[in-house]
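All remarks here apply to the structure that follows.
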There are 2 protein chains.
Amino acid sequence: MIDPTKGGELMKAGARAVPVTLSTRIRLARNLREFPFPGWAETSQRRAVMSACREAAESLKTFKDPISFEVDDLSELQKLVLVERHVISREMLQIEEAAGAVLSPDQSVSIMINEEDHLRMQVLRKGFDFKSVWKTAKKMDLEMEKALEYAFSSDYGFLTACPTNLGTGMRASVMMHLPGLSMEKHMDKVIRGVNELGIAVRGLFGEGTDASGNIFQISNQQTLGEGEEEILERLGRTLDEVKTQEINARESILENSSQMLFDKIGRSYGLLGNAYKITSSEAMDCLSFIRLAVDCGFLPEKCRAPIDAGFIECQPGHVQFQAGHNVDPDERDAMRAEFFRKKLSKFPSLDFDKT
Amino acid sequence: MIDPTKGGELMKAGARAVPVTLSTRIRLARNLREFPFPGWAETSQRRAVMSACREAAESLKTFKDPISFEVDDLSELQKLVLVERHVISREMLQIEEAAGAVLSPDQSVSIMINEEDHLRMQVLRKGFDFKSVWKTAKKMDLEMEKALEYAFSSDYGFLTACPTNLGTGMRASVMMHLPGLSMEKHMDKVIRGVNELGIAVRGLFGEGTDASGNIFQISNQQTLGEGEEEILERLGRTLDEVKTQEINARESILENSSQMLFDKIGRSYGLLGNAYKITSSEAMDCLSFIRLAVDCGFLPEKCRAPIDAGFIECQPGHVQFQAGHNVDPDERDAMRAEFFRKKLSKFPSLDFDKT
């Protein structure tokens with residue numbers, strides 16, 4: 001059975017934690033030729049898909065010691081924790097039968113079975129690294145293809161339940177931390193510009209979620225008519241451009257409104273270190289400015305990993321999982337505040353003279 | 001010339017700083033029999049009043065080394081500083097000619113000349129102490145009466161420019177810090193109840209000002225038909241009652257919503273210690289909860305005097321006086337924030353286990 005206290009790619013320390021880009025993710029949608037898409041399949045067919053895919057996934061050489069489960073095997077809190085870590089989708093929780101996943105032990109690779117498609121294979125990594133993420137995804141895809149017969153059309157490419165995934169079946173996305181553009185109120189312009197290039201911008205938890213903590217998920221919309229490398233290269237160029245704009249926004253703020261910036265950072269640091277009740281949304285907004293403080297050199301680099309983990313740990317599921325039981329929202333706010341008071345008590349003071 | 005950096009009864013350290021009651025004040029309105037009230041007097045008459053009253057005040061034995069000035073002698077910042085310390089009235093600043101004051105060196109006694117009445121004699125002291133304040137006021141009044149001929153009617157008592165001061169000419173007021181009643185949303189009820197007893201409740205700077213920092217000024221409305229001691233005794237009983245209600249409110253909060261209280265105190269402490277821009281109103285609200293932390297034992301008693309001084313030091317005039325020149329509001333917010341960051345950096349951490 002899965003132990004959500006272990007793993008969590010986004011909660012790792014390490015050199016891959018960098019300014020602006022929090023994480024890179026590629027997921028491939030694949031379906032088996034012999035079976036209807038999960039939404040149209042009988043339970044027996046879904047069961048057959050499950051067992052074939054699970055066997056293939058568990059035999060992968062891409063990672064050892066796979067963790068394998070059906071959604072029904074999980075407690076509500078385990079489900080929530082995995083969703084908050086972006087390991088499984090929120091949609092998957094709605095599926096009542098014969099849906100599950102196979103994960104690598106560090107949860108950086110996850111293969112969802114019988115979600116919208118028979119297979120949703122995801123590689124998630126901290127930092128900005130399409131190259132290595134795509135390498136892993138491609139390797140896994142080729143291995144799976146040896147064991148399973150994919151639904152593939154020579155006209156369209158990989159067939160998927162929803163036409164928006166047709167072709168490569170690939171969705172590549174990067175989680176970007178854009179406090180500079182948000183403070184300068186340039187995000188609307190950036191989103192419009194990026195949309196025109198066929199690239200989508202969403203909140204932390206995908207479509208329809210808000211951008212708490214100034215975190216935006218930027219991904220390709222097109223899956224058809226271009227090869228994977230082409231899509232990644234085009235998306236990468238756009239992300240580089242957004243990153244440059246973010247850096248420029250930060251430099252402009254540091255030059256023209258440093259007091260405002262210090263104030264936002266100082267207040268965030270003061271609040272998160274001293275509050276006795278805090279919502280996840282306020283905690284994320286505080287973490288955002290504290291992460292920015294690390295980027296700017298006002299806090300040492302060693303603070304970055306605990307902050308990045310904080311974005312996940314502040315979510316309701318993680319707070320409750322930590323407590324070991326369901327907790328009502330009010331008490332959650334108190335537990336979350338206690339968690340972050342302890343975390344910040346280990347941080348040094350802000351040093352705005354270091355730039 | 002007056003040096004506003006010296007003196008400031010409300011900014012003193014000492015044993016008279018206590019929970020709930022910040023300061024006690026008594027002022028007596030008096031007029032000279034031979035002259036029309038200031039609002040009706042010719043300039044030459046006002047000049048004559050000024051010189052007679054000033055001479056009498058400067059010769060008082062109530063205090064030595066008086067500070068004496070006319071309003072016109074002061075810079076705009078000096079005026080503002082004295083108003084913020086409750087040493088002279090805001091109304092006095094509007095008077096163009098032949099108005100001034102004589103102060104004791106510690107500014108705890110001030111005699112305004114040619115404000116609404118010929119004489120407004122005030123004694124201001126930290127803590128709750130009608131007895132000693134009234135003793136000083138009475139002594140000063142008797143001394144002044146020997147040198148000047150007061151306008152007095154055997155029917156009405158002391159005659160004053162405004163009938164609301166007729167009789168004793170006395171206004172006694174206490175500045176109360178009522179965060180408990182404010183948090184419990186009981187202040188409206190308290191104000192209504194107190195009003196019915198002929199007692200007024202106002203904000204920090206008197207009529208029409210708001211109660212930033214949960215500070216309320218409570219004073220007698222009636223000046224006629226009762227003797228001074230009677231008024232003070234009745235007012236004192238009411239204030240004791242308000243104080244009891246405040247203490248009860250705090251106990252109820254500590255028992256039923258301690259987390260909310262810790263949160264408000266923690267956030268105030270975190271903000272005031274880390275902000276880089278803060279308005280006087282937000283600073284006062286933070287100070288209010290930090291003072292409450294001292295009352296509750298979460299911070300040591302030695303923090304009380306710097307907090308109490310902070311209520312005055314955070315005012316716009318004091319911030320600018322500290323800077324030595326006029327400063328626009330934005331820059332003021334930055335200077336104020338710096339001032340309080342430094343002040344709070346000397347405070348120990350909050351200790352909510354000590355109750």
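No value in this document is a laboratory result; all are computed from the given coordinates. Please read these numbers as outputs of a predicted model, since none were measured by experiment. As a convention, Cβ positions derive from the backbone with ideal geometry for all residues, glycine included, and neighbour counts pool all protein chains shown.
When chain A is treated as a GNM with alpha-carbon contacts under 10 Å, the residue of A:His186, A:His86, A:His318 showing the greatest mean-square fluctuation is A:His186. Averaged over the residues of peptide B:265-273, the number of Cβ atoms from other protein chains lying within 10 Å of each residue's Cβ is 6.
Between beta-carbons, use under 14 Å as the cut-off and find the net charge around B:Glu241, counting Lys and Arg +1, Asp and Glu -1.
Summing Lys/Arg as +1 and Asp/Glu as -1 gives +1.
Database remark: amide H of B:Gly127 closer than 5 angstrom to the amide H of B:Val18, B:Ser23, B:Thr24 (H placed geometrically; neighbours at sequence offset of 5 or more, or on other chains; Pro and chain starts carry no H). Rounded to the nearest 20 debye, the dipole magnitude of the protein assembly as shown is 1680 debye, with +1 charges on Lys and Arg beta carbons, -1 on Asp and Glu beta carbons, and the Cα centre as origin. The protection proxy used here, the mean number of other Cβ atoms lying within 10 Å of each residue, ranks peptides A:268-278, A:88-98, B:288-298 as follows, highest first: A:268-278, B:288-298, A:88-98. Which listed residue (B:Met50, B:Ser104, A:Ala200) has the Cα farthest towards the positive end of the charge dipole for the protein assembly as shown, taking +1 on Lys and Arg C-beta and -1 on Asp and Glu C-beta about the Cα centre? Checked the options; the winner is B:Ser104. Legend: mean number of C-beta atoms from other chains within 10 angstrom of residue C-beta atoms, peptide B:276-287, equals 2. Considering the rotation that superimposes chain A on chain B, the residue of A whose beta-carbon lies nearest the axis, and that distance in Å, is A:Gly270, 2.
Note on chain B: with a GNM built from Cα contacts shorter than 10 Å, the maximum mean-square fluctuation among B:Ser257, B:Ser154, B:Ser108 falls on B:Ser154.
Under 5 Å from the amide H of A:Met176 lie the amide H atoms of A:Leu22, A:Phe216, A:Gln217, A:Ile218, each residue being 5 or more positions distant or on a separate chain, with H modelled from the backbone and absent for Pro and chain starts. With θ taken as phi - 60° and the Karplus curve 6.51 cos²θ - 1.76 cosθ + 1.60 applied, the whole-hertz 3J(HN,Hα) list for the range B:182-189 is 5, 4, 7, 6, 9, 4, 4, 5 Hz, x standing for glycine and proline.
Calculated from DSSP H runs of 4 or more alone, at -39500 (n - 2.57) each and per residue, what is the 222 nm mean residue ellipticity of chain A, nearest 500? Each step should come with its number before you reach the end.
On the way: 11 runs with 155 residues, N = 355.
My calculation for chain A gives -14000 deg cm²/dmol from helical runs alone.
Using +1 at the Cβ of each Lys and Arg and -1 at the Cβ of each Asp and Glu in the protein assembly as shown, identify which of A:Gln259, A:Met187, A:Met170 lies farthest towards the dipole's positive end. Looking along the dipole axis, the top candidate is A:Gln259. In this calculation the C-beta distance from A:Leu224 to A:Lys135 is compared with R0 = 25 Å, giving a FRET efficiency of 0.65.
When only the Cβ of Lys, Arg, Asp and Glu is charged (+1, +1, -1, -1), the dipole of chain A relative to its Cα centre reaches about 980 debye. Its Cα centre serving as origin, the range B:175-254 has a Cβ charge dipole (Lys and Arg +1, Asp and Glu -1) of approximately 340 debye. Here is how far apart the B:Gly193 label points are across copies: 6.2 nm, shortest first, using a point 7 Å from Cα toward Cβ.
Taking 13 Å as the cut-off, the amide N atoms of the range A:63-96 that come nearer than this to a point 7 Å along the Cα-to-beta-carbon line of A:Thr43 belong to A:96. Shown is the FRET efficiency for A:Ser75 and B:Asn326, computed with R0 = 60 Å from the Cβ-Cβ distance and rounded to the nearest 0.05: 0.40. Inter-copy label distances at B:Pro300, shortest first and taken from points set 7 Å along Cα to Cβ: 2.8 nm. Here the relative contact order of the range A:250-355, from alpha carbon pairs under 8 Å that lie six or more residues apart, stands at 38 percent. Each copy carries a label point for A:Tyr156 at 7 Å from Cα along the beta-carbon vector; from one copy to the others these points are 9.7 nm apart, nearest first. 3J(HN,Hα) along the range A:101-111: 8, 10, 10, 6, x, 8, 6, 7, 10, 9, 10 Hz, from the Karplus curve 6.51 cos²θ - 1.76 cosθ + 1.60 with θ = phi - 60°, whole Hz, x for Gly and Pro. In sequence order, the range B:59-74 has phi-based couplings of 8, 4, 8, 4, 8, 9, 6, x, 9, 10, 7, 9, 3, 4, 6, 8 Hz under the Karplus curve 6.51 cos²θ - 1.76 cosθ + 1.60, θ = phi - 60°, and Gly or Pro positions carry x.
For the pair the range A:44-102 / the range A:251-326, the C-alpha centres are spaced 32 Å from each other. With the convex hull drawn around the C-alpha atoms of the range A:175-254, the volume per residue stands at 83 Å³.
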